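Notes follow the structure.
Please treat every number below as a calculation from the coordinates, not as lab data. This is a predicted model, so every value here is computed, not measured. In this analysis, Cβ positions are derived from the backbone assuming ideal geometry, glycine residues included, and neighbour counts consider all displayed protein chains.
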Amino acid sequence: MRKRGWQDLDESDVRVRPGRRGSRPRSKQRPKHADAAAAMIVAVDRGRWTCALEGDPDQLVTAMRARELGRTPVVVGDRVDLVGDISGKPDTLARIVRVADRTSVLRRTADDTDPYERVVVANAEQLVIVTALADPPPRPGFIDRCLVAAYAGGLTPVLCLTKADLADPGEWIDTYSSLDMPITITRLDAEPEELRALLTDRVSALVGHSGVGKSTLVNRLVPAAERATGEVSGVGKGRHTSTSAVALPLPERGGWVVDTPGIRSFGLAHVTADDVIAAFEGFAEAAEECPPNCGHLGGSDDPECHLDTYASDGGNVEQLTSLRRLLRSRAGLDEA
């Protein structure tokens, strides 16, 4: 009798091995986590987030991002919901299961051609732009770009001029006074009481170039800043924390100071001219009468810009001049 070969086989000879997994379909419905605890992100380090339960700096919890969140970005200042072990004891880990909608976002790009946005901090109410009056000298281009990012992201800008014991701040106060924002002056030989009052009971992000005195300012505002920074980033196992933002509680008065790393450049690839103008109520309404694709720069660049008509009919001419300086900075013009 001839032995059967593979040519003699048909579908009835095939045995299908059942899969090891069950046949129950996977659900895409996320759990509700009704018992989740609210918290604020105060530090981020290599896949671990330090959270303050109910915004209390004395109740710090280390957490990871839950699988159902996927790659949802979570940054300092985010309001989140936690489940799991929220005791905050050593070697415990909670899970972030929800991220609340943000009320403001400070973004930047590496340069004006980089399409990738980097979220620096979320939900800050104020952006404190720290600039030295001398050593190093002020960089108006950087100040203007920070102002653009603040207006576009929904933050109230505050200009902080440091080292007033080395140079007179008068010129810079005059330059930015038309923008109707708080301007505060600090000195190395005096406590920053005026700035401290502006920060009370608010979440404020501080930005500035290296060397402008931002770290000195933070240490004065939060005397335990070095110790607190080490505590909230304990999962970093000794890594220096100035490479990422960290939120520090303002003692006694309440509020949070978000210390950001020294920024060399502030790209604005994600910001449009309309994003900036939207922060100026009167000009935002006037801009609706501008021709399509108007850059609102005026002059030979945008000769039909309606903002000129608005200013001549009683608008703030000085504010328009400052606004256009910001727009030129956003467009990469007049960087000097």
Inset, instruction - Give a residue-ordered list of calculated ³J(HN,Hα) values for the range 275-291 (Karplus: 6.51 cos²θ - 1.76 cosθ + 1.60, θ = phi - 60°; whole Hz; x for Gly, Pro). - result: 4, 6, 5, 4, 7, 10, 3, x, 5, 4, 5, 5, 5, 5, 8, 6, x
Legend entry - Packing-based ranking, highest mean first, of 78-84, 115-121 given that Cβ atoms within 10 Å are counted: 78-84, 115-121
Inset, instruction - Provide the packing ranking of 99-108, 204-213, i.e. peptides ordered by the mean count of other C-beta atoms within 10 Å per residue, highest first. - result: 204-213, 99-108
Legend entry - In sequence order, calculated HN-Hα J values of the range 200-216 (Karplus, 6.51, -1.76, 1.60; Hz; x Gly/Pro): 4, 6, 9, 9, 10, 9, 10, 10, x, 5, 4, x, 7, x, 5, 5, 4
Inset, instruction - Could you run the Karplus curve 6.51 cos²θ - 1.76 cosθ + 1.60 with θ = phi - 60° over the range 125-130 and give me ³J(HN,Hα) per residue in whole Hz, x for Gly and Pro? - result: 8, 10, 10, 8, 8, 8
Legend entry - Amide H contacts of V121 (H built 1.01 Å from N, under 5 Å, at least 5 apart or other chain): L106
Inset, instruction - Using a/c under 1.5 as the rounded threshold, could you call the range 254-329 rounded, prolate or oblate? The axes a ≥ b ≥ c are square roots of the C-alpha gyration tensor eigenvalues, and prolate needs a/b larger than b/c, oblate otherwise. - result: prolate
